[in-house]
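Dropping the structure in here first, questions after.
The values are calculated or read from the model by the stated rules, or taken from the named source; none is laboratory data. Since this is a predicted model, take the numbers as computed values, not measurements. Cβ atoms come from the backbone with ideal geometry, glycine included; neighbour counts cover every protein chain shown.
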Amino acid sequence: MSFSATKLPQVEHANFVGFTVTVDGSPVQPDLEERAFVGEREVTDLLRRHGLPLNPLRVLEIAAAAKRIGKPDWAELVQAGLFPDAADMTEGL
């Protein structure tokens, strides 16, 4: 993933771009649906099961989760295409 365009207003929130809605000049709180995909395959439940954020730019939360996730579970995430399969990147997790 390239991090060249990652300056977002609210990376820590589900509404990370700060999207707002108004109807007839009045603000409306929309329902927000978060989902995650690898290609065309949905991985939302897998990420939630392991306590990982759906937004890949929430790197601090991902790093914290990586420290508590066991090797078998980490291998499942790698197999699902969510993280690179690089031994030196997962060493010590």
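In contact with an Asp or Glu (Cβ under 9 Å, 6 or more places away or on another chain), aliphatic (A, V, I, L, M) and either over 13 Å from ARG58 (Cα atoms) or at pLDDT 70 or above (or both): does that describe ALA5?
Spelling it out, it is not the case that ALA5 is in contact with an Asp or Glu (Cβ under 9 Å, 6 or more places away or on another chain), aliphatic (A, V, I, L, M) and either over 13 Å from ARG58 (Cα atoms) or at pLDDT 70 or above (or both).
Specify which of the listed residues (THR20, THR44) is touching a Pro at 6+ places or on another chain (Cβ under 8 Å) and not small (Gly, Ala, Ser).
Only one candidate qualifies: THR20.
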